[in-house]
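The structure appears right after this line, and notes come after that.
The values are calculated or read from the model by the stated rules, or taken from the named source; none is laboratory data. Bear in mind the structure is a predicted one, so any value in this text is a computation, not a measurement. Cβ placement follows ideal geometry from the backbone for every residue including glycine, while neighbour counts extend to all protein chains displayed. Only protein heavy atoms, including side chains, enter the accessible area calculation; ligands, DNA and RNA are left aside. Shrake-Rupley method; radii C 1.70, N 1.55, O 1.52, S 1.80 Å.
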Amino acid sequence: PLPASLEAYARRVLEPQAHARAGGRILVLPLGHEPAEAARAGLESLLKAELGEPLQLAWQPPVRYGEEDALPAQLAALLSAEAVDGLALVVNLAATPEGENHGHAFAAARAALAAGAAQARLLVVVDESSWAARFADDATLASRLDERRALWARFAAGYGLRSCPADLARMPERPSPDHPAVKAVRAALQADSSAAATAANR
């Protein structure tokens, strides 16, 4: 078996749907959410664990509720300015997904990538940090987390996406390939890559 440090590299080189094409540049767009510094570092560790290095996260200002109508033009400008490997939308587990807000953003991101950056992949990362901290001493935390994760998973699935739940603020600096969040990112990338290939062949 390969050493854990080489697994991400091997997948990127050997898999037919290799993820990294633009030097590991990922646009990161928080939706109605302002991740703390620890969560930002956690997202970088999480993505490096699956995509390998080099990896550069280009954080964008958070999209406030009610500002989603400007997203199509904003994303078109960002994606036409430079090549990227992916776009990560970061939402807060504590928020309730809404079609007119999160759904509009999901659809706009999907359309922008299809129109101008077909090789880039789309991720929906559900940040559990604030929720986990709020209910850390609550005996019902596990069941509450499962309910919220399922809610976001169903919502994302309605837009043809897989959500990636992760307690970003507590992400290890070097998460293992078997870490649940890493596995979620891997599954989401593979599903999005397969969907893109299917669309390209139509």
Problem set entry | Members of the range 123-140 found to be surrounded by fewer than 20 Cβ atoms within 10 Å (Cβ to Cβ) and either touching a helix residue (DSSP H, G or I) at 6+ places or on another chain (Cβ under 6 Å) or at pLDDT 90 or above (or both), listed by number | PHE135
Exercise. Looking at the range 141-166, which of the residues that are more than 17 Å from PRO180 (Cβ to Cβ) and without any contact (Cβ under 8 Å) to a residue 24 or more places away in the chain is most open to solvent (accessible area, probe 1.4 Å)?
Worked result: ARG154
Exercise. Tell me, which residue of the range 5-48 that is in a loop (DSSP other than H, G, I, E, B), among the small types (Gly, Ala, Ser) and modelled with pLDDT under 90 is farthest from PRO62 (Cα to Cα)?
Worked result: ALA18
For this session: Would you check if GLU44 is over 14 Å from the mean Cα position of the chain (by Cα), surrounded by fewer than 21 Cβ atoms within 10 Å (Cβ to Cβ) and not hydrophobic (A, V, I, L, M, F, W, C)?
Result: no
For this session: Find the residue count for the range 51-63, including only residues that are out of contact with any Asp or Glu (no Cβ under 9 Å at 6 or more places or on another chain) and surrounded by 17 or more Cβ atoms within 10 Å (Cβ to Cβ).
Result: 1
Exercise. Considering ALA88, ALA107, which residue is touching a residue at least 40 places away in the same chain (Cβ under 8 Å), assigned to a strand (DSSP E or B) and under 15 Å from the mean Cα position of the chain (by Cα)?
Worked result: ALA88
Problem set entry | Single condition SER143 does not satisfy, out of (1) in contact with a helix residue (DSSP H, G or I) (Cβ under 8 Å, 6 or more places away or on another chain); (2) farther than 26 Å from ALA76 by Cα; (3) outside any loop (DSSP other than H, G, I, E, B); (4) at pLDDT below 90 | (1)
Exercise. When residues of the range 167-182 are filtered for being out of contact with any Leu (no Cβ under 6 Å at 6 or more places or on another chain) and of a type in the set (A, V, I, L, M), how many remain?
Worked result: 2
Problem set entry | Filter result for ALA83 (outside any helix (DSSP H, G or I) and over 19 Å from ALA169 (Cα atoms)) | yes
For this session: Mind listing whichever residues of the range 146-172 are among the aromatic types (Phe, Trp, Tyr) and part of a helix (DSSP H, G or I)?
Result: TRP152, PHE155
Exercise. If you check every pair at least six apart or on different chains, which have Cβ atoms under 8 Å apart with a residue in the range 32-44 that is within 13 Å of ALA181 (Cα to Cα) first and a residue that is open to solvent by 60 Å² or more (accessible area, probe 1.4 Å) second?
Worked result: GLY42/ARG170
Exercise. Does ALA81 satisfy being out of contact with any strand residue (DSSP E or B) (no Cβ under 8 Å at 6 or more places or on another chain) and buried (at least 17 other Cβ atoms within 10 Å of the Cβ)?
Worked result: no
Seminar exercise, completed: Over the range 60-80, the set of residues farther than 19 Å from LEU161 by Cβ, assigned to a loop (DSSP other than H, G, I, E, B) and out of contact with any Gly (no Cβ under 6 Å at 6 or more places or on another chain) is PRO61, PRO62, ARG64, GLY66, GLU67
